[in-house]
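These notes concern the structure reproduced below.
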Amino acid sequence: MALIAPAVEEGFKYAKSHEYAKIDGDTATIGISDFAQSELGDIVYVELPEVGSEVTQGENFGVVESVKAASDVYSPLSGEVVETNQTLTEDPGKVNTAPFSDGWMIKVKLTDPSQADGLLDSAAYGTHCEENAH
């Protein structure tokens with residue numbers, strides 16, 4: 001049985017903990033990667049921070065609960081939460097079906113855009129996933 005490799009989106013930055021950041025100017029859209037959602041299984045609940053709260057690179061900002069387990073979600077970048085994806089409260093499964101589009105979690109106004117330089121690009125993240133696949 002062949003394993004299907006998870007999707008890795010071009011133009012995104014990735015943390016080794018499997019969160020992504022899509023950077024547009026001084027704002028980043030943050031969520032969990034296709035690899036992370038496939039490891040978790042069916043997501044049944046998403047807990048997100050309040051708009052206006054601060055997130056810190058490498059620190060927990062929310063929780064995703066799947067039928068398997070609850071997992072903390074870590075911010076790949078620091079900044080102020082300017083928007084949360086309220087659709088996920090009604091339909092958390094969007095994280096499974098469209099993690100890079102409809103399943104995003106938060107949008108953050110970056111306090112230090114240069115932090116993105118320390119994240120993995122899509123090629124490096126794809127290699128990271130291959131090395132950590134079960």
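Close contacts from segment 96-112, counting a first residue that is assigned to a helix (DSSP H, G or I) and a second that is hydrophobic (A, V, I, L, M, F, W, C), with Cβ to Cβ under 7 Å and a gap of 6+ residues or different chains, come to Asn96/Ile43. Scan segment 13-33 for residues that are of a type in the set (D, E, K, R), out of contact with any helix residue (DSSP H, G or I) (no Cβ under 9 Å at 6 or more places or on another chain) and surrounded by 13 or more Cβ atoms within 10 Å (Cβ to Cβ) and the total you get is 1. Segment 16-91 holds strands (runs of 3 or more DSSP E) entirely within its bounds, and those carrying 2 or more residues that are of a type in the set (Val, Ile, Thr), within 12 Å of the chain's Cα centre (by Cα) and under 11 Å from Ile106 (Cα atoms) map to 27-32. Could you go through segment 81-92 and let me know if any residue there is in contact (Cβ under 8 Å) with a residue 60 or more places away in the chain and of a type in the set (Val, Ile, Thr). Looking for residues that are in contact (Cβ under 8 Å) with a residue 60 or more places away in the chain and of a type in the set (Val, Ile, Thr), one finds none in segment 81-92, hence no. For segment 113-124, which residues satisfy the criterion of being in a loop (DSSP other than H, G, I, E, B) and surrounded by 15 or more Cβ atoms within 10 Å (Cβ to Cβ)? If the condition is that a residue be in a loop (DSSP other than H, G, I, E, B) and surrounded by 15 or more Cβ atoms within 10 Å (Cβ to Cβ), then Leu119 is the only one that fits.
Residue-level analysis places Gly93 outside the set of residues that are of a type outside the set (D, E, K, R), touching a strand residue (DSSP E or B) at 6+ places or on another chain (Cβ under 7 Å) and at pLDDT below 95.
The values are calculated or read from the model by the stated rules, or taken from the named source; none is laboratory data. Treat the numbers as computed from the prediction; the structure is a model and nothing was measured. A quick note on method: Cβ atoms are made from the backbone with ideal geometry, for glycine too, and the neighbour counts reach across all protein chains shown.
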